[in-house]
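Comments concern the structure below.
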Amino acid sequence: MKSKICIKCGEEKSLTSEYWNKKKTSKDGYRNECKTCMKEYQAINYKKNKQKLQVAGKKYYKENKEQISERNKQYYEDNKDKITECQRRRYVENKKQILKYQKEYYKLNKLNISERSKQYNKENKKQILEYQKQYYEDNKEKVLMKSKLWYENNKDSVAIQSKQYYESNKERIAKQSKQYYKENREERLEYSKQYSKENRVRYRQHWQKYMMKKNELTCTLTIKQWGKIKKYFNNSCAYCGMTEEEHYMIYGEQLHQDHFIPLSKGGGYKVSNIIPACRSCNSSKHNNFFNDWYFDYKHYNKERHDNITKYISSVNSG
């Protein structure tokens with residue numbers, strides 16, 4: 001393998017692009033100074049003529065913006081893997097310094113960065129949206145997992161910020177929501193219908209919260225607690241014993257959440273006041289108190305009566 005002696009440091013090195021920069025006018029196709037010496041020279045020269053070089057660089061870039069952009073783009077496409085790996089390795093090796101520099105730079109140039117970002121987003125809105133859409137499609141699981149993890153770690157701050165934003169923009173949000181619903185009424189109705197069908201428990205919980213808030217009553221029951229209540233009653237109607245599977249086959253829906261103390265009589269939506277009931281029993285009980293209704297009910301059963309009483313007593317005492 002051919003070698004060459006650097007005219008600066010006097011070291012003999014292999015004649016490859018690893019140690020030498022290319023030069024078309026040279027006989028062997030490489031500069032006479034090795035890469036190490038050239039870097040040192042360039043660093044010293046830049047330090048001495050920093051302002052002059054920056055002005056010249058800006059002028060050259062302005063005059064040749066399109067050619068430079070095209071050249072950089074082509075170079076990146078030809079060396080994508082190499083550049084990515086180099087950037088990754090550099091970041092890992094210098095993570096603390098890079099983060100520190102970025103933080104300080106952002107602090108000193110906050111307004112300029114903000115303006116530049118706005119301008120760039122404005123000029124490249126279409127390309128940015130296309131890129132984001134494509135990136136999401138290619139990395140859907142990764143993006144969702146990252147978003148979920150970030151939300152879990154920042155739940156409280158997100159809730160505070162969302163509340164503050166809503167309070168500051170209440171009228172505008174209400175106006176936009178009203179306008180959006182007006183323009184997409186059929187689509188929203190279909191979505192609500194489909195959502196309520198696929199998420200009966202969650203939808204029911206939202207509705208109960210709305211009703212409790214409207215009537216200024218307690219609303220604390222969770223989906224997990226509702227699951228435990230159903231389990232206690234063997235996933236069956238507490239009043240007649242119909243299983244949830246049978247209820248779904250007959251009525252096409254899950255067991256109802258009956259208020260042991262009726263909503264109209266001040267009964268809250270909480271673990272100590274919700275009983276699983278089939279549609280028939282829930283309709284029959286209506287807004288009556290349990291003991292005023294159940295003894296004369298056609299499906300009355302002493303064992304089930306005692307079980308309900310025992311459950312209500314245990315959750316209230318616990």
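Some points to look at:
- Alpha-carbon radius of gyration plus Dmax, which is the widest Cα pair, for the stretch 1-44 in Å: 9.9, 32
- Amide H contacts of Phe260 (H built 1.01 Å from N, in plane; Pro and chain starts excluded): Ile274, Ile275 sit under 5 Å, all sequence-distant by 5 or more or on other chains.
- For the stretch 187-318, a Kirkwood hydrodynamic radius built from all Cα pairs, placed in the Stokes-Einstein relation at 25 °C and 0.890 mPa s, yields a translational diffusion coefficient of 159 µm²/s.
- Unit charges at the beta carbon, dipole of the chain: most positive-side option, Ser317, Gln132, His256: Gln132
- Under a Gaussian network description of the chain, with springs only between Cα atoms under 10 Å, the residue in Asn72, Asn288, Asn154 that fluctuates furthest is Asn72.
- Cα-based shape type of the stretch 23-105, given that a ≥ b ≥ c are square roots of the gyration tensor eigenvalues and the cut on a/c is 1.5: rounded
- Other residues with beta-carbon under 13 Å from the beta-carbon of Thr220 carry, at +1 per Lys or Arg and -1 per Asp or Glu, a net charge of +4.
- Mean Cα-pair separation over length for the chain, i.e. relative contact order, pairs under 8 Å, 6 or more apart, %: 8
- Other-chain or far-sequence residues with amide H under 5 Å of Cys34's (modelled H): Ile7, Lys8, Cys9
- Shown for Cys237, Cys9: other C-beta atoms within 10 Å of each C-beta, ranked fewest to most, produce the order Cys9, Cys237.
- Once percent of Cα pairs over 36 Å apart is calculated for the structure shown, the corresponding label among (1) 31; (2) 55; (3) 15 turns out to be (2).
- Size of charge dipole - the stretch 1-44 - debye, nearest 20, with Cβ of Lys, Arg +1 and Asp, Glu -1, no other charges: 240
- Estimated 222 nm signal from helices in the chain, with DSSP H stretches of n ≥ 4 weighted -39500 (n - 2.57), rounded to 500: -21000 deg cm²/dmol
- For Lys178, the lysines whose Cα falls under 26 Å of its own Cα, not counting residues fewer than eight places away in the same chain, are Lys163, Lys170, Lys193, Lys197, Lys209, Lys213, Lys214.
- Proportion of all alpha-carbon pairs of the stretch 265-318 beyond 17 Å (%): 38
- Free of any GluC sites (Glu not before Pro) that DSSP assigns to a loop and that have at most 10 other C-beta atoms within 10 Å, the longest stretch within the chain is 19-215.
- Within the listed set Asp28, Asp138, Asp296, the residue fluctuating most in the Gaussian network model of the chain (springs between alpha-carbon atoms under 10 angstrom) is Asp28.
- Shape call, the stretch 163-261: gyration tensor on alpha carbons, a/c limit 1.5: oblate
- Among the trypsin sites (Lys or Arg not before Pro) in the stretch 54-146, none sits in a DSSP loop with a Cβ that has at most 16 other Cβ atoms within 10 Å.
Read-outs: derived from the displayed coordinates by stated rules, not from any lab. Keep in mind it's a predicted model, so treat the numbers as computed, not measured. Reconstructed Cβ throughout: ideal geometry from the backbone, glycine too, with neighbour counts over all protein chains shown.
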